[in-house]
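Read through the structure below, which is laid out as structure tokens, and then see the notes.
The values are calculated or read from the model by the stated rules, or taken from the named source; none is laboratory data. Just so it is clear, the structure is predicted and the values come from calculations on it, not from any experiment. For neighbour counting, all protein chains shown are included, and Cβ atoms are generated from backbone atoms with ideal geometry for every residue, glycine included. SASA here: full protein model, heavy atoms, side chains in, ligands and nucleic acids out. Shrake-Rupley method; radii C 1.70, N 1.55, O 1.52, S 1.80 Å.
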Amino acid sequence: ICVYCKDKAVVSTQSTGSFKAHAKAKLKQCWFAWHQITQNSNRFHGLNGSSLRLLFKTIILTKLMYAAPVWMDRNINVFKDFYARVLLKMSGATHYASKQLLSVALYVPPLSISYRMITVKFLAKALTSDHFMQGLILQLEEAKSHRFHHHIDMILKFLAWKAGSSNLARSKIKLISSLEELATYTKEEVNQYEDHIWKCHLSQLDSIPEGLNITLNISNISNTLLLRHSYRATDTKVISLLHGHDLCFPAFKARVTQSCDPNCYHCSTADDNTHRVFCCPLYNCSFRDILLQDGTAGETTGWSILSCDDQETLTAFRSLAQIAIIY
């Protein structure tokens, strides 16, 4: 029985083999909790991005990840729309932008990454527990037709990453020497591994610019862009300038409404977020000079900023957003 929703999930799945009903019950609870958190917040007032992220992770994600290795794998798509709405609200956007870009900027990992991390942590604890738990994991490794056998691949990849040996991912758990030492992890190591698999996930997506290389930790990127004690309106400006899907940009407004001039009134070129960050003479300042020195200018402004080499560039971008966007 799930301690969060009191759903007799195991009993109800004996006949169907599916946790769909349990997933939908979780989804309903998540919608309710998210409404309670955000009901007094909008684009310009209320909880800022950092606070919304903290509450989402501590209240909703904790509830969502309970026993996730058992039921979530085949039900991730149930939460697809919910996650998109969470990113939309947290970013202060009015129109949907790239979910991958928003998730990096807000430091909200895709649900598939969170599911993988909770599974790895569970199996790692099982391997460092008593012999009974270790025996269950070893039996699962040999049962290749078992519905949870793919969890073994997840823990092997973690052990290989920690040992610094790719060959370990193709080994057998029982043949790994110093298994207990490798399976024991710290909070810092978990955060580093999450950052590693998240960047690997991004590199495999067709929607991501080719050759993208995010050098900074994703947590550091978000914490620099969205300061802990920032105003809600300030965070909205930063994220809007990052993704460009905002009606304050004439080029985007013309594409959506088809009823206005897409060009900048100052220099008569398409007025989008790239134009305001790197080109328009109206916003020429020291913050832009820092961005240009770092070589972040590119066709996709958001990803070029997120892949910068130092936090000074992110701070300059945040400051430029206060100048380049006026609501």
With Cα atoms, 0 to 90° folded angle of helix 150-163 axis to the chain main axis: 70 degrees
For Glu312 and Thr269, extending 7 Å from Cα along the Cα-Cβ vector and measuring point to point gives, in nm, a value of 2.6 nm
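Pairs of alpha-carbon atoms within less than 8 angstrom and 6+ residues apart define the contacts here; what relative contact order does the chain have, in percent?
Relative contact order of the chain: 17 percent.
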Solvent exposure, largest accessible area first (probe 1.4 Å, DNA, RNA and ligands not counted), of Trp161, Trp31, Trp303: Trp31, Trp161, Trp303
Can you tell me the relative contact order of region 75-167? Whole percent, Cα pairs under 8 Å, sequence separation 6 or more. 18 percent
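Whenever you get a sec, compute what percent of the accessible area on region 250-297 sits on carbon and sulfur atoms (1.4 Å probe).
50 percent
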Computed about the Cα centre, the charge dipole of the chain from +1 Lys/Arg and -1 Asp/Glu charges at the Cβ has a magnitude in debye, to the nearest 20, of 1460 debye
Amide H to amide H, which residues 5 or more places from Asn263 or on other chains are under 5 Å from it, using H placed in the peptide plane? Asp271
State whether the chain is rounded, prolate or oblate according to the following rule on the C-alpha gyration tensor (a ≥ b ≥ c being the square roots of its eigenvalues): a/c under 1.5 gives rounded; otherwise a/b larger than b/c gives prolate, and the remaining case gives oblate. prolate
Which residue, chosen from Ala124, Leu314, Cys279, occupies the Cα position most advanced towards the positive end of the dipole of the chain, where the dipole is computed from +1 (Lys, Arg) and -1 (Asp, Glu) charges on Cβ about the Cα centre? Ala124
Any chance you could look up the accessible area of Leu179 with a 1.4 Å probe, heavy atoms only, rounded to 10 Å²? 40 Å²
What FRET efficiency do you get for Lys20 and Leu212 if R0 is 41 Å and r is their Cβ-Cβ distance, rounded to the nearest 0.05? 0.70
By how many degrees, between 0 and 90 and to the nearest 10, does the Cα long axis of helix 232-243 differ from the longest principal axis of the chain? 90 degrees
Under the 0.36 nm per residue contour assumption, what length would be gained going from the current alpha-carbon distance of Lys199 and Ser129 to full extension? 22.2 nm
Per residue, accessible area of the chain with a 1.4 Å probe, heavy atoms of protein chains only, in Å², comes to 51 Å²
If I take R0 = 35 Å and measure r between the Cβ atoms of Lys174 and Ser219 in this structure, what FRET efficiency does the formula 1/(1 + (r/R0)^6) give, to the nearest 0.05? 0.50
Folded to 0 to 90 degrees: helix 131-142 orientation relative to the chain principal axis, Cα: 80 degrees
Separation in nanometres of the label points that stand 7 Å from Cα toward Cβ, at Arg85 and Thr257: 2.6 nm
